[in-house]
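Presented below is the structure to which this report refers.
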Amino acid sequence: RAKEMGNNNYQFYTAAMNERALERLRIEGDLRNALERKELLLYYQPQVDLRTGRVVGMEALIRWKHPQLGMISPTRFINLAEETGLIVQIGAWVMHTACEQNKAWQRMGLGYLRMSVNLSTRQFFQQNLVQSVAQVLEETGLAPHYLEIELTESLVMTDVELAVGILNDLKSIGVQLSIDDFGTGYSSLAYLKSFPIDALKIDQSFVRDITVDQDDAAIVASIISLAHNLRLQVIAEGVETQEQLSYLQRHRCDEMQGFYFSEPIAASAIEDLLRAGKVLP
Ligand code: C2E
Ligand code: MG
Ligand code: MG
Ligand code: MG
């Protein structure tokens, strides 16, 4: 098969690979300066209570407005930031900006919402994480329970004992904790029991086909029950249709997040949405 494709294809793949390597190098170089050049920004995606239809939280999602390449998605640069260690600085900026923004919305009378911030592995295991989070809360004046930290199963599983210690320390300063992309990692139920977490976020890959695939429907219903039996809140990610929404409501999922209600949007657009009192249709 490979032989059939011949030499041209080989060259094609090599060229494509070189291009990718070059892009990576370029992005890496540019990422080093992105913070100080103020090219990074946060978008926010509303999280909606499925019983009341009201916005109860937001997830902060980073974007990079590259001067030549345009808007770059975090899927293209977060791993790189993680590998190069730049994530520590970038993550600190995200944490500060998200908390400051949430406090500003509270001051503007736009409501008391929870702000979720994603942490990556290196950031989570950095020496002074808990102190730095506490410091951001103090600097911004945001009450701790309005901050939620999202972690993935694989992050926690990197070093379970150490992770549980850090999670307990984070709980002791009053922040909320959730497991992101739940169901896609390798955490065992035995560990889940010992994590001092508040919520599970069902990964969008399970939500996508709940109305057409019986297995996905069963998995989502089971995660909702599991969460509730462990006294955890549960939030579905990637909800795009009315049918998915109804399924989640029938199964008593607590919250949803997804394009059906809103894509991640800029802070000013969030303000418009909150002022308009947008609720789930
Ligand atoms: P995540 O934390 O699981 O975030 C949810 C992703 O799903 C976001 O992608 C969001 O735009 C997308 N999404 C939301 N609703 C829908 C929907 O209805 N349909 C579909 N198809 N997608 C939807 P985004 O913004 O590209 O972020 C990708 C990932 O990058 C995040 O996944 C998170 O793991 C990471 N990330 C984003 N911001 C940060 C950050 O500030 N720090 C760190 N460490 N990671 C971040
Ligand atoms: Mg997340
Ligand atoms: Mg997720
Ligand atoms: Mg993810």
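Applying the Kirkwood pairwise sum to the alpha-carbon positions of the range 200-281 produces a hydrodynamic radius of 13.3 angstrom. By the count of neighbouring beta-carbon atoms within 10 Å, fewest first, His228, His251 end up ordered His228, His251. When Rg and the Kirkwood Rh are both derived from Cα coordinates, the Rg/Rh ratio for the range 96-166 amounts to 1.03.
Note on the range 95-253: Rg/Rh from Cα positions, Kirkwood definition for Rh, rounded to two decimals, is 0.99.
Inter-part distance, the range 65-135 to the range 181-255, computed on C-alpha centroids, equals 25 Å. The slack between Ser172 and Thr241, meaning 0.36 nm per residue of separation minus the straight C-alpha distance, is 21.0 nm. For the modelled label position 7 Å from the Cα of Arg26 along Cα-to-Cβ, which residues of the range 56-100 have backbone nitrogen atoms closer than 16 Å? What the label zone holds, given the 16 Å backbone N cut-off, is 65-73, 76-77.
For n ≥ 4 DSSP H runs only, could you compute -39500 (n - 2.57) per run for the chain, divide by its residues and tell me the 222 nm figure to the nearest 500?
-15500 deg cm²/dmol
When only Cα pairs below 8 angstrom with a gap of at least 6 residues are kept, the range 173-275 shows a relative contact order of 22 percent.
Estimated at 0.36 nm per residue, the fully extended path between Met71 and Glu271 surpasses their Cα-Cα distance by 69.8 nm.
Its Cα centre serving as origin, the chain has a Cβ charge dipole (Lys and Arg +1, Asp and Glu -1) of approximately 380 debye.
Is the chain best put as rounded, prolate or oblate by its Cα gyration tensor, with a ≥ b ≥ c the root eigenvalues, rounded for a/c under 1.5, and otherwise prolate when a/b is larger than b/c, oblate when not?
rounded
Among the helices of the chain, those built from whole DSSP H runs whose Cα atoms reach 20 Å or more along their own axis and whose mean Kyte-Doolittle hydropathy is at least 0.5 are 214-229. Relative contact order for the chain: 18 percent, from Cα pairs under 8 Å spaced at least 6 residues apart, divided by residue count.
Quick note: the coordinates plus some simple rules give every number you see, no bench work behind them. What you see is a predicted model, and the numbers here were worked out from it, not measured in a lab. As a convention, Cβ positions derive from the backbone with ideal geometry for all residues, glycine included, and neighbour counts pool all protein chains shown.
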